[in-house]
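Asks: Attaching a single structure in structure tokens format; questions to follow.
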Amino acid sequence: MENLEEKIAYVKKTYEVDGFFFNEGAREHEIKSFVRSSEIELGFSPPSDYLEILKRFNGLVVEGVFLYSTKPKKLVGGNGYSLAFIEMNKLSRELEWMDQYVLFGDSDQDAYVLDLAEGRYQVRDKQAFDNVYEEFDSFSSLLEYMVELMVSRV
């Protein structure tokens, strides 16, 4: 698999064969509302490449890897709900020092964040948050890391 699109298509197809389905993407009015709410509640405007993936899949949950959605959404064919970007960030900011980070998702051991001070997207240890495992210049590169993990788990 060469690129991100092929990897996402592979994960989606594999899940569908097993009877699981991805949530549909957010509609344009949902994206606009989400951006306004994020700016008001978090003081942060999500990057355009994050918004583009939300238009295709409003949150992803694959084998314990979560990409946060615009709002809690019932998972298609399941009992659970996706984890929502604004709510997860507000929850994390109960720890005052976490206002230096924006969370985009997580997995069993990692948190996928933007370090606002450094302007770098990072993979950090959820338990020992100071441990940075990977760094990227863009959200798209962070997403590719997350999708690689999804591919390895399906």
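Asks: Just in the range 97-152: which trypsin sites (Lys or Arg not before Pro) are loop by DSSP and have at most 11 other Cβ atoms within 10 Å?
Replies: Loop-located and lightly packed - none at all.
Asks: Describe numerically, in nm with one decimal, the distance between label points set 7 Å from Cα along Cα→Cβ at residue 141 and at residue 40.
Replies: Taking the two extended label points, one gets 3.4 nm.
Asks: How would the range 80-154 be classified by its alpha-carbon gyration tensor: rounded, prolate or oblate, with rounded meaning a/c under 1.5 and the a/b versus b/c comparison settling the rest?
Replies: oblate
Asks: Next up: Taking 0.36 nm per intervening residue step and subtracting the Cα-Cα distance, what contour gain separates residue 126 from residue 100 on full extension?
Replies: The residue 126-residue 100 span can extend by a further 7.8 nm.
Asks: Let me ask something additional. Can you give the three extents of the C-alpha atoms in the chain along their principal axes, from longest to shortest, in whole Å?
Replies: Cα extents, longest axis first: 43, 34, 28 Å.
Asks: Any chance you could run the full-extension gain for residue 10 through residue 33? It's 0.36 nm times the residue separation minus the Cα-Cα distance, nm to one decimal.
Replies: 5.2 nm
Asks: By DSSP, what percent of the beta bridges with both residues in the chain are antiparallel, rounded to the nearest 5?
Replies: So the antiparallel bridges amount to about 95 percent of the total.
Just so you know, all these numbers are worked out from the coordinates, no wet-lab data involved. Bear in mind the structure is a predicted one, so any value in this text is a computation, not a measurement. Virtual Cβ from ideal backbone geometry, glycine too; neighbours counted across all protein chains shown.
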